[in-house]
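The values are calculated or read from the model by the stated rules, or taken from the named source; none is laboratory data. Please read these numbers as outputs of a predicted model, since none were measured by experiment. All Cβ positions, even for glycine, are placed from backbone atoms using ideal geometry, and neighbour counts span all protein chains on display. Heavy atoms of the whole protein, side chains included, go into the accessibility calculation; ligands, DNA and RNA do not. Shrake-Rupley method; radii C 1.70, N 1.55, O 1.52, S 1.80 Å.
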Amino acid sequence: SSCDDVSAESSTEFPDRLSLMEVRLQAQEDEITLLKSSLADALRKLRLHDQQIPLLKQQLIAGKRNGLFECANIKIFPQVYWYFKCIATDLILHIRRHHPAHHSQNPSETTEQRQRGQPGLMPSNPNILLARTPKRANIQPTRRPTLPHSGGRENSIKMFIRGRPITMYIPSNILNYEELRMDLPSQKLDLDWVYGYRGRDCRANLYLLPSGEAVYFIACVVVLYHINNQTQRHYQKHTDCVRCLAIHPDKVRVASGQTAGVDKDGKPLQPFVHIWDSKTLVTLQQIGLGTFERGVGALAFSSSDAGTFLCVIDDSNEHMLSVWDWNKNIKHVEVKSTNEAVLAVDFSPTDTNNIISCGKSHVYFWTMSAGTLTKKQGIFGKYKKPKFVLCFVFSLTGDVLTGDSEGNILTWGKSAADTKTLGKGAKETFQIMKQTRAHEGSVFTMCILQGGAILSGGGKDRKVIRWSADLAPERECEIPEKFGAVRTIADVDGEELLVGTTRNAILRGTFSDGFVGHVDEMWGLATHPTQNIFLTCGNDRQVCVWNAEDHKLDWCTTLEESGLCADFSPNGGVVSVGLSTGRWVVLDLKTKEVVSDLTDGNEQLSVMRYSPDGSFLAVGSHDNFIYIYNVTEGGRRYTRFGKCTGHSSFITHLDWSKDGKYIMSNSGDYEILYWDVASGCKLLRNRFESKDREWASYTCVLGFHVMGVWLEGSDGTDINALCRSHSESMVAVADDFCKVHLFQYPCPKPKAPSYKYEGHGSHVTNVRFTHNDSHLLSMGGKDTCILQWRVKGAGTGDHSKEHLASSSSVRFLFPGRVARVCVKQSGGEEEEDEAGSGGWEEEWSVRKRKRETGWLSRARVKCECLEGASMGVLSQRRNKDAIFLPSGETL
């Protein structure tokens, strides 16, 4: 039984490394898909221009040598021909050289792929191909004739993503595209409410202050949540993810340590520790800059001397242990600790010169004397040596109690010095006095209550047990399985507890009442059409409906499969949820019952979208199809109307036109297609005809009106989602680097300025505005947190310190997750260690390589503070002419 818990603790590295490998595999599969589409494009263009050669020769003879040739009312650039011919030739030669058996007929190619014209096999080393093809957005091909960006009879412009040209047709009411000026948006965002908590790979990160505030961290922010007032404050001076906390004996000052991370150029950033005042949020001291490596893993203030010293253990290979006079910023001593993982450290409450640390296969007793540190390893003797010593506390009698991966609490008591064996210089040592079987599986955390009672939290059994001072069990309760194991415990009043779990939830409850409280990666997000409520769903199979005004969870239900996308019907009575298997369900918002259950294909669904009048529902799938349904009986009855067939890759986003007759859709290979649904789901071959069409929503990441949200150097997967406001004045963007951006809408020109807001500790998977644009909701992936932002009109609030990012006070809802936004005024990427125990170095190196290869290059934008506008003025300016005037804002 203890093996299972060892895997639950030591082992958070295994699922996280597996997750990292899955991400890499998915990236490779996406790369192959794009290579296939690039080859198909090159061959198609090559055939097209081969057909035009005779006509081109005739025009050359006629003397039309101006670089632009007109033939059959089609503009042809001769350099295009050579460009695609070079690419196609290289691709074909490489395929034949490395896969001679497959260049004519590929046995692994499926019938469906042949019907869609997709190659079934590509070279095993895509780098050979990518070296010859452009990979970034808005980057011109090198060593080849460049493709034109704009001009021509059809008044279009092109952008490139991974070498694939995407044509954008300029709407008729834009007379001079080149003279459009992109401005910052008139609105800004303030963080209003946060749900989330980092418990999966951190420990000892939940404490209660005398002020009534619980203190914990998520991403690069330390959150102070007042339990009774239900308000939050935030310490946000860290430049990267916070990993550990320590509370000063005065219960006012706090120390927080962060990871190193890397900057946008791939260079390592230096970790440090901040000591700050929890009342004023003022930083008192920064220590260790340039001293610590990789990150800070554990912290502790001394107790017996009123908190003069701070002990720090970093995340280097040797896990260096150092002791600082933090007020003077002086390092007193530093020593190598161990090559094994260190999980906790603390001073003896009665003697500053005694320090204890524990971790993988060890517990060390340190003695500080004359500027040196000496250690003695705890001897387990006749007791089984655990794989991990996970936590420890000091009892009121001076004993040390350790919790380990075997489920035992060991009592270490002081024994007299062995002068006979070790001589006169021998000192007293700690030895195991007692072993108490505490939990089935690991003991993840312990805390001491007033009066000497002890609380312990279990791994496999998920139990919180209260023990008497002599370790006799008194009461216990069990955490619901969906929240994971107990990570840490904070005592509120002796009866009520706060419990942080390994699945990123903070629960509040008592032994008598039990605990109530998304615990896995989330993707589905939908806002109600008329009320301030929203729905979330994710890989944990939970569907949750939240009240954005009261900041509470209205209800939650569990599905049989993971939910990946959702949308409310326009009447607000039902919501449809797309699942990971091609199945989708419709839930009644009042009864929570499933009123419809259908399946389209056998692959995951990526988007659900009702038409503006609610008469149709479009279901986008990873099988490349969009399924259209007639909706009747108030959203409770669905009948298949048709199927949109034509995409060569999976559907990513789609939107309906305002008249409910047309659909615009994006796919995984960066296609923009338009469909005439009313005429039988027909593909509109001439995309030029859709340039003036008005859209009821705008969530497609590719389109003329949002082309400016793509930074130069962006990879095609850098933007996960976007959403236009209902006022059509701004667009919010969720990117792959933990950021939320706010642009002016429309945003049709490259390098558009924007406001950037930080706070998520993982890729941002989705963003949505509430029905009246009063708030924006953003959802993290692996950090499982939801950030609720208040939309502010220009000229409101205090912008004296606002640059590229902005944030304000936040509130938190128990039960749920707690997260927080970090404000950074210029460069520096926020990185979250999602690898868990043992996997941080690998995750860090991957991100470092991505930056070294330019995957995360960014443009620095000067931000101006806009004054004098108001929401009323903005609404008055909403007309067809003004909609294309530049004014952009970035989160």
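Working from Cα pairs under 8 Å separated by at least six residues, relative contact order for the stretch 648-738 is 21 percent.
Indicate the gyration tensor shape class of the stretch 282-361 (rounded, prolate or oblate), computed on the Cα atoms with a ≥ b ≥ c the square roots of the eigenvalues: a/c under 1.5 is rounded; otherwise a/b larger than b/c is prolate and the rest oblate. Oblate, because a/c is 1.5 or more while a/b does not exceed b/c. At full extension, Ser679 and Arg636 could sit 13.0 nm farther apart than now, given 0.36 nm per residue minus the alpha carbon distance. The stretch 366-395 and the stretch 281-332 have their alpha-carbon centroids 20 Å apart. In loop segments of the stretch 564-627 as defined by DSSP, the trypsin sites (Lys or Arg not before Pro) with at most 11 further C-beta atoms inside 10 Å of their C-beta are Lys590. Of the residues Ser303, Trp324, Ser278, the one whose Cα sits farthest towards the positive end of the charge dipole of the stretch 266-368 is Ser278 (charges of +1 on Lys and Arg Cβ, -1 on Asp and Glu Cβ, taken about the Cα centre). When peptides 328-337, 765-774 are sorted by average Cβ neighbour count within 10 Å, with the highest value leading, the order is 765-774, 328-337.
Each of Thr581 and His332 was given a label point 7 Å from its Cα along the Cα-to-Cβ line. The distance between the two points is 6.1 nm. With a Förster radius of 51 Å applied to the C-beta separation of Ser415 and Lys552, the computed FRET efficiency comes to 0.40. Based on alpha-carbon atoms, the Kirkwood radius and the radius of gyration of the stretch 465-505 give Rg/Rh equal to 1.00. By a 1.4 Å probe calculation restricted to protein chains, Cys681 has an accessible surface near 10 Å², given to the nearest 10. Estimated from the Cβ-Cβ distance and a Förster radius of 51 angstrom, the FRET efficiency linking Leu281 and Asp613 is about 0.55. Packing-based ranking of 384-391, 655-662 yields 384-391, 655-662, ordered from highest to lowest mean Cβ neighbour count within 10 Å.
In the stretch 323-473, Cα pairs under 8 Å separated by at least six residues give a relative contact order of 14 percent. Between Lys658 and Tyr383, the distance separating the two model label sites (each 7 Å from Cα on the Cα→Cβ line) works out to 7.3 nm. Computed extension length for Arg437-Gln270: 55.9 nm, one decimal, from 0.36 nm per residue of separation with the Cα-Cα distance subtracted. Relative protection proxy for 406-412, 501-507, from highest mean packing down: 501-507, 406-412 (other beta-carbon atoms within 10 angstrom). Legend: residues Ile448, Ile533, sorted from most to least accessible area (1.4 Å probe; ligands, DNA and RNA excluded), read Ile448, Ile533. Quick note on the stretch 176-298: its Rg to Rh ratio, both from C-alpha atoms and Rh being the Kirkwood radius, is 1.10. Pairs spanning more than 22 Å between alpha-carbon atoms, out of Lys552/Lys590; Lys385/Lys460; Lys590/Lys661; Lys45/Lys661; Lys552/Lys592; Lys251/Lys552: Lys590/Lys661; Lys45/Lys661; Lys251/Lys552.
Mean separation of Cα pairs under 8 Å and 6 or more residues apart, divided by the residue count, gives the stretch 322-366 a relative contact order of 25 percent.
The simple Förster model, with R0 at 51 Å and r as the Cβ-Cβ distance, assigns Leu25 and Ser304 a FRET efficiency of 0.45.
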